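Peer 1: Sharing a structure below in structure tokens format, with a few things to ask.
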Amino acid sequence: MAVSFRRVTSAGLVSALGVGLLWFPLLDILDDWTNPPHKPLWSTLFENSPGLALALTLVVGGLWLYTRDWSDEYVVNAAKWSLGVLVAFAVLLAWVLGIQQFVQNDLKPYFIALDAVVFGGVVALGIGIYDSRRRRNESELALERDRLSALYENAEDAIATVRFDDGPVVESANSAFRERYDDIAAILSEAPGVNGTYDSLAGPLADGDAVEFEWDGPDGDRSLLVNATPITTANAVRAHVRIADITEQKHLARESAARERLEHLHRVASDLSAADTENEAYDRTLNALRTAVGFDAACVVAEGDVVAARGTRDALDWESIDRIQPGAVPTDGGATTRQVDGATVLTVPVGDDAVLQASITDDEFEDSQVTAAELLGTHLRETRKRLDREARLRDQHERLELLARTFRHDLLNDVNVINARATVLEDHVDDDATDYLDTLEERADDMEDRIETMRSLMKAVEGEHRDLDSLALAPVVKDAVDDARDTYPSAAFELDTPLPADVVGDDLLPDVFQNLLANAVEHNDTDAPRVRVSGERADDAVVVTVADNGPGVPPERRDAVFDLGEKGVESGGTGVGLNLCHRIVETYGGSLTVADDADLGGAAFRVRLPLSD
């Protein structure tokens with residue numbers, strides 16, 4: 001390192017002062033030895049030995065100052081003190097000698113010597129005061145070090161006392177610091193703005209401000225918090241440096257943030273379930289993605305078009321969109337990340353025709369953020385499926401409504417017109433045409449029955465679009481039995497119990513029992529058909545059994561009889577009745593089954609209906 005001019009000049013002045021003062025005792029020795037009265041050499045040497053020693057001390061002191069590892073500031077300060085005391089002493093002697101010589105005309109060597117002693121005493125007092133203050137500061141500093149050493153010696157954090165001169169120097173440290181770290185300069189060089197000079201670090205410390213920053217550790221695999229707290233001292237900048245390992249805390253913080261993301265995404269799933277349109281679902285998804293990921297830009301691309309965006313007007317990475325395999329979903333590992341123009345772009349497939357993209361600049365996505373985005377993509381995919389399903393159901397419902405109105409109004413009105421005209425024609429046809437007229441009326445009645453059946457079937461198909469209510473079961477069953485007795489006078493009908501219960505149902509419930517009673521008679525091959533209707537409570541439901549004495553249902557066909565269009569070989573029906581009953585009962589949350597045994601020896605159908613609240 002180059003030696004500064006101030007350092008050379010200051011040390012040289014001190015040595016030069018010693019050399020100059022050395023001439024005075026040397027001249028006195030020469031005068032005493034060579035001029036009469038001649039004095040013994042030993043006496044004059046003994047007399048001038050203090051002057052010689054003091055002058056030589058100044059010469060050697062200058063050289064000593066030059067070789068010290070002190071900063072230039074301290075070398076210059078020592079030289080100033082030497083020159084200052086010398087000038088003050090010279091001024092004092094000149095003052096005393098001048099008064100005695102030119103004013104009093106009488107030199108008094110003893111008083112001159114006494115004045116020198118007094119001056120020396122004053123200088124000694126100043127030196128004593130300075131030394132006492134220095135000792136007190138050192139004692140306080142040592143006491144502070146001892147106190148902190150006792151306080152921090154067993155601490156898990158690494159702690160050291162550091163002095164800042166040209167660079168940081170460790171004055172003391174606890175065992176944790178000594179065991180883990182050996183280069184304080186390398187540690188503090190990580191502080192913001194240090195750049196190896198430490199001026200920007202020592203400045204705030206000298207002003208009493210603490211400095212704090214994060215460090216990755218000597219191996220770059222830890223998260224450490226470095227705190228430098230200033231210590232007030234008179235002659236140096238010092239600080240307590242504490243290094244705390246916060247790796248575990250940051251890991252726990254990241255886990256907590258990941259849990260919060262997942263909890264937020266679960267709330268998002270509920271929020272998306274309330275979305276009525278795809279655009280609304282897209283907006284809610286991007287809002288949730290901002291919370292979960294904290295993107296700079298994001299978008300949703302569906303069928304090649306950007307349908308929603310934040311911070312961009314175009315897709316963030318078309319190449320990744322093109323690379324995603326058709327039909328990929330997040331759980332298939334379809335999510336990808338790629339660097340695009342200095343940003344990390346995350347692409348999450350949403351079904352086989354859409355993607356969710358987000359980007360962050362000068363950073364990368366954490367695993368938990370990718371997982372959160374994948375879950376969000378899953379929620380959006382399921383929401384789009386739901387909305388598509390609901391749209392198709394609405395379309396089907398509208399078609400059924402149109403078909404039902406056609407059956408109820410147009411076709412049924414046409415049948416009623418045919419019946420009315422046939423009634424008018426009864427009085428205007430001859431006997432040969434009567435059979436044709438009877439056939440016309442029978443077919444019109446059949447058409448009316450089929451239209452009513454189709455109306456009931458379509459209403460049953462509507463399912464969740466119907467409003468269910470609480471119905472008293474006994475009147476419904478009794479009315480159905482009474483109608484069956486009128487329709488089939490040759491059959492015997494029994495009603496064993498009044499069934500005093502309220503069940504879930506609507507205006508289609510009577511159709512169930514009417515169809516079952518008609519089926520019991522029309523498929524009966526005995527001369528005297530018998531039908532028995534009974535009921536019983538079963539937990540939170542009522543089970544109504546319709547049994548007959550007919551041929552029954554073979555075990556292998558007990559499930560098939562409820563299929564649409566399924567009918568017996570000799571049946572003249574449409575194969576709709578039992579399927580209709582099955583559909584209606586299921587919409588109530590109940591069931592319709594064929595019993596394994598029948599009281600009357602034929603078939604037995606059991607209708608299970610839930611009780612209303």
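Peer 1: Filter segment 22-47 down to residues that are buried (at least 18 other Cβ atoms within 10 Å of the Cβ) and closer than 24 Å to Leu83 by Cβ, then give me how many there are.
Peer 2: Here the count works out to 1.
Peer 1: Out of (1) touching an Asp or Glu at 6+ places or on another chain (Cβ under 8 Å); (2) at pLDDT 85 or above, what's the single condition that is false for Ser571?
Peer 2: (2)
Peer 1: So which residues in segment 283-295 are under 21 Å from Thr371 (Cβ atoms) and either at pLDDT 90 or above or assigned to a helix (DSSP H, G or I) (or both)? Please lay out each step first, then the result.
Peer 2: Filtering segment 283-295 down to residues under 21 Å from Thr371 (Cβ atoms) leaves 284-295.
Passing the criteria: Arg284, Thr285, Leu286, Asn287, Ala288, Leu289, Arg290, Thr291, Ala292, Val293, Phe295.
Peer 1: Tell me which residues, restricted to segment 505-533, are under 17 Å from Ser591 (Cβ atoms) and at pLDDT 90 or above.
Peer 2: Phe513, Leu516 - these are the residues of segment 505-533 that are under 17 Å from Ser591 (Cβ atoms) and at pLDDT 90 or above.
Peer 1: Still on this structure: I'm checking my understanding of the structure. Among residues of segment 1-21 that are under 25 Å from Leu83 (Cα atoms) and not in a helix (DSSP H, G or I), which one is modelled with the highest pLDDT?
Peer 2: Ser4
Peer 1: In the list Ala315, Ala298, Ala275, which residue meets the criterion of being in a strand (DSSP E or B) and at pLDDT 80 or above?
Peer 2: Just one listed residue meets the conditions, Ala298.
Peer 1: Also, quick follow-up: Any residue at all in segment 523-546 that is assigned to a helix (DSSP H, G or I), in the same structural domain as Cys581 (by TED's automatic domain parsing) and either over 16 Å from Ser612 (Cβ atoms) or out of contact with any Lys or Arg (no Cβ under 9 Å at 6 or more places or on another chain) (or both)? Don't jump to the end; show me each part of the working.
Peer 2: Kept after step one, since they are assigned to a helix (DSSP H, G or I), are these residues of segment 523-546: none.
No: zero hits.
Peer 1: List the pairs whose first member sits in segment 160-181 and is assigned by TED's automatic domain parsing to the domain that holds Val241, whose second member is of a type in the set (Asp, Glu) and outside any helix (DSSP H, G or I), and whose Cβ atoms are under 8 Å apart, counting only residues at least 6 apart or on separate chains?
Peer 2: Taking only residues 6 or more apart or on different chains, the pairs are Ala160/Glu171; Thr161/Glu171; Val162/Glu171; Arg163/Glu171; Asn174/Glu153; Ser175/Glu153; Ala176/Glu156; Ala176/Asp157.
Peer 1: Select the strands (runs of 3 or more DSSP E) contained entirely in segment 117-225, then report the ones holding at least 2 residues which are β-branched (Val, Ile, Thr) and at pLDDT 70 or above.
Peer 2: 158-164, 168-173
Peer 1: So in segment 334-383, with the set limited to residues that are more than 14 Å from Asp296 (Cβ to Cβ) and in a loop (DSSP other than H, G, I, E, B), which one is nearest to the chain's Cα centre (by Cα)?
Peer 2: In this case the residue turns out to be Glu366.
Peer 1: Could you please let me know if Leu592 is more than 17 Å from Ala492 (Cβ to Cβ), in contact with a helix residue (DSSP H, G or I) (Cβ under 9 Å, 6 or more places away or on another chain) and at pLDDT 90 or above?
Peer 2: Yes; evaluated as a whole, the condition is true for this residue.
Peer 1: For segment 65-76, give me the residue count where each residue is over 60 Å from the mean Cα position of the chain (by Cα) and surrounded by fewer than 15 Cβ atoms within 10 Å (Cβ to Cβ).
Peer 2: Residues that pass the stated criteria total 1.
The values are calculated or read from the model by the stated rules, or taken from the named source; none is laboratory data. Keep in mind that this is a model prediction, so the values were computed, not measured. Please note: Cβ atoms are built from the backbone with ideal geometry, for glycine as well, and neighbour counts cover all protein chains shown.
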